[in-house]
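Enquirer: Before I ask anything, here is the structure I am working with.
The values are calculated or read from the model by the stated rules, or taken from the named source; none is laboratory data. Note that the structure is predicted; figures quoted are calculated from it, not measured. Quick reminder, even Gly has a Cβ in these numbers, built from the backbone with ideal geometry, and neighbours come from all protein chains shown.
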Amino acid sequence: IENVIYLSGPHGQRTWWQSENGVEHVSIRLDLEGEFHFTHLIMKFKTFRPAAMLVERSADFGRSWKVYRYFAYNCSKLFPGVPVQPSGLVDEVLCDQRYSEIEPSSHGEVIFKVLDPSIPVADPYSPSIQDLLRVTNLRVNLTKLHTLGDNLLDTRREVLHKYYYAVDELVLRGSCFCHGHAAHCAPAPGVPTSSIPGMVRRTQSPAWHGGVRAGEVWQWGCCQAGELGCYMPCRGAVPAGCDCNEHSQRCHFDMAVFLATGNTSGAVCDGCQHNTMGRRCHLCKPFYYRHPRSDIRSPTACAPCDCDPAGSLDGGACDGHTDVALGMIAGQCRCKENVAGPRCDRCRHGAYGLSHGDPQGCQPCRCDPRGTVAGSSPCDPISGDCYCKRFVAGRSCSECVPEFWGLSYDVGGCRPCACDFGGAYNNRCSMEDGACPCRPHLMGRQCDQVQPGFFCAPLDYYTYEAEQATGHGHDHPQLPEVVRDSVGRMVTWTGSGFARVRDGAGLTFRVDDVPYPMDYELLLRYEPE
């Protein structure tokens, strides 16, 4: 210990360590003469706490040093570049501003915990955690004094000389490091031991063993209730420190758990019943969840999950407890990607075919959105058949019904072919472009246009004039009589005029230009007299 003096009163009053007056840089070093697992440091100051200080450790008997923690009332000014806010790493070096204010002016504390209880430790046996706890030496560097501000107005050394560091209690907590070859450490000579065989009792004795108080060592097993430093009191055959929530009667002590819980408890329950598990039988086994209306100590505290294994992740496991931050709700099923429902027992909108062997639970509907009815599920959740619009067909609604074409987002889905009745062979057109099957020399989508070089004969194309026909009849051999156009008379005929036919007479037409034998409609045009 450098720049520190020791004071004690003649009548046994409280004593303290005090630094030299006016000296800001003071170092307190503890050589432990062996490897220890160090967990806590508590310093109580008789005067102002330091405005800035840092705690260092060595695991190679002082040959190299690493900083545990910085302390300052203004970290950005006194230790620039050192982060203040934790990032979640258990071995991160931070600057703490909680223990460096000028108030209180006496009996203020500086507390340092190697393992921050707010940061979960996944594996207390990991090499990084073991390296963080293992020490052979500790060093506390006090680097800046708190003053009342008078030194800012008067820079004489005498003004600063009234200030000093004074420590009236220094507490270290940890355990000996036996490399797994022993269950406990032997106390230093003269230190009282526990009444329980194999135990070392925590004590406030000032005796030191290898530079650390022998009483700062805890071992497994139970101890007598009320005994100083007792973390697992005995109660008959069952340790009260087990705290198994009435789901087990057995537990054991685990030092790693003890350190990970901030030296609160090292008890680990054995043989948890009622579908519980965990260090205190406080968690539910997989496929069970914490029932919100049952006490944690009840045999029904953990209820079975009600999830469909075909549509749930992990074979039907549910959230074991409620954690709002993680989005967990006790009993909530975790559905596969394409599955929905409280029990994960139905396919999501747009999927079908719930199957245990499908990693996504259901297959996505393979429906053409142009031909599917909007505003509903695109396909049947069981068969996968798509729900088609009125003029659309096919399993995936990707085809037009016969005599329709042009699949689109229209209400009907497809448009009618509308092929020309005379120009097309039938009304079945191409689904892609709507082209109708045209007769020879006709063209256009609907077969309603004539190919260049051809014409389309009208219905009265084959016309035979009565005035060119021959008459017959016994009474009128001179028929037909041709009636020519007359002035002022409306022309209502074709050809050169009419052929007057009287009762009993007849006309014979010569038809020799019909191209094909087929059924024809015969139309006779006449005017009565």
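Enquirer: Could you list all residues from the range 361-379 that are surrounded by 15 or more Cβ atoms within 10 Å (Cβ to Cβ) and in a loop (DSSP other than H, G, I, E, B)?
Expert: 361, 362, 365, 367, 368, 370, 371, 373, 377, 378, listed by residue number.
Enquirer: Please specify each residue of the range 493-516 satisfying the condition of being under 14 Å from residue 467 (Cβ atoms), out of contact with any strand residue (DSSP E or B) (no Cβ under 8 Å at 6 or more places or on another chain) and without any contact (Cβ under 8 Å) to a residue 40 or more places away in the chain.
Expert: The answer is 493, 494, 495.
Enquirer: Taking the condition over 14 Å from residue 28 (Cα atoms) and surrounded by 18 or more Cβ atoms within 10 Å (Cβ to Cβ), does residue 155 pass?
Expert: When the stated conditions are applied, residue 155 does not pass them.
Enquirer: Kindly indicate whether residue 56 is outside any loop (DSSP other than H, G, I, E, B) and in contact with a Gly (Cβ under 6 Å, 6 or more places away or on another chain).
Expert: So residue 56 does not fit the description; no.
Enquirer: Looking only at residues that are over 27 Å from the mean Cα position of the chain (by Cα) and not hydrophobic (A, V, I, L, M, F, W, C) in the range 80-90, which one is farthest from residue 128 (Cα to Cα)?
Expert: Per the criteria, the residue is 80.
Enquirer: I would also like to ask the following. Going by the conditions given, is residue 71 of a type in the set (A, V, I, L, M, F, W, C), closer than 14 Å to residue 174 by Cβ and in contact with a Cys (Cβ under 8 Å, 6 or more places away or on another chain)?
Expert: No.
Enquirer: Would you check which residues across the range 266-306 are in contact with a Leu (Cβ under 7 Å, 6 or more places away or on another chain) and among the aliphatic types (A, V, I, L, M) and list them?
Expert: Passing the criteria: only 277.
Enquirer: Can you pull out the residues in the range 13-53 that are among the small types (Gly, Ala, Ser) and touching a Gly at 6+ places or on another chain (Cβ under 6 Å)?
Expert: Within the range 13-53, 34 is the sole residue that qualifies.
Enquirer: I've got another one for you. For the range 240-292, how many residues are in a loop (DSSP other than H, G, I, E, B) and either surrounded by fewer than 18 Cβ atoms within 10 Å (Cβ to Cβ) or not basic (Lys, Arg) (or both)?
Expert: 27
Enquirer: With respect to residue 104, is the statement that it is assigned by TED's automatic domain parsing to the domain that holds residue 16, in a loop (DSSP other than H, G, I, E, B) and more than 29 Å from residue 164 (Cβ to Cβ) true?
Expert: Taking the combined requirement at face value, the residue does not satisfy it.
Enquirer: OK, next. Could you give every pair whose Cβ atoms fall below 7 Å, whose first residue belongs to the range 418-442 and is within 23 Å of residue 452 (Cα to Cα) and free of Cβ contacts under 8 Å to residues at least 12 places away in the same chain, and whose second residue is assigned to a loop (DSSP other than H, G, I, E, B) and among the basic types (Lys, Arg), counting only separations of at least 6 or pairs across chains?
Expert: 435/445
Enquirer: Collect the residues in the range 398-443 that are at positive phi, buried (at least 17 other Cβ atoms within 10 Å of the Cβ) and not aliphatic (A, V, I, L, M), keeping them in residue-number order.
Expert: Of everything in the range 398-443, those that are at positive phi, buried (at least 17 other Cβ atoms within 10 Å of the Cβ) and not aliphatic (A, V, I, L, M) turn out to be 406, 413, 434.
Enquirer: Now a separate question. Read through the list (1) in contact (Cβ under 8 Å) with a residue 40 or more places away in the chain; (2) not in a loop (DSSP other than H, G, I, E, B), then give the number of the only condition that residue 354 fails.
Expert: Going through the list (1) in contact (Cβ under 8 Å) with a residue 40 or more places away in the chain; (2) not in a loop (DSSP other than H, G, I, E, B), residue 354 breaks only (2).
Enquirer: Quick check, is residue 31 part of a loop (DSSP other than H, G, I, E, B), out of contact with any helix residue (DSSP H, G or I) (no Cβ under 7 Å at 6 or more places or on another chain) and more than 21 Å from residue 96 (Cβ to Cβ)?
Expert: Judged against the criteria, residue 31 is not a match.
Enquirer: Among the listed residues 49, 63, which satisfies the condition of being assigned by TED's automatic domain parsing to the domain that holds residue 127 and either at pLDDT 95 or above or surrounded by 13 or more Cβ atoms within 10 Å (Cβ to Cβ) (or both)?
Expert: Just a single option satisfies the conditions, and that option is 49.
Enquirer: Then there's this: Please determine, by comparing only the residues of the range 315-344 that are charged (D, E, K, R) and in contact with a Ser or Thr (Cβ under 9 Å, 6 or more places away or on another chain), which one is farthest from residue 414 (Cα to Cα).
Expert: Per the stated criteria, the residue is 334.
Enquirer: Anything in the range 480-501 that is surrounded by 13 or more Cβ atoms within 10 Å (Cβ to Cβ), of a type in the set (Lys, Arg) and modelled with pLDDT under 75? List them, or say none.
Expert: Within the range 480-501, no residue meets the criteria.
Enquirer: Quick check on my filter: what residues within the range 158-176 are surrounded by fewer than 21 Cβ atoms within 10 Å (Cβ to Cβ), touching a His at 6+ places or on another chain (Cβ under 8 Å) and farther than 22 Å from residue 22 by Cβ?
Expert: Of everything in the range 158-176, those that are surrounded by fewer than 21 Cβ atoms within 10 Å (Cβ to Cβ), touching a His at 6+ places or on another chain (Cβ under 8 Å) and farther than 22 Å from residue 22 by Cβ turn out to be 171, 172.
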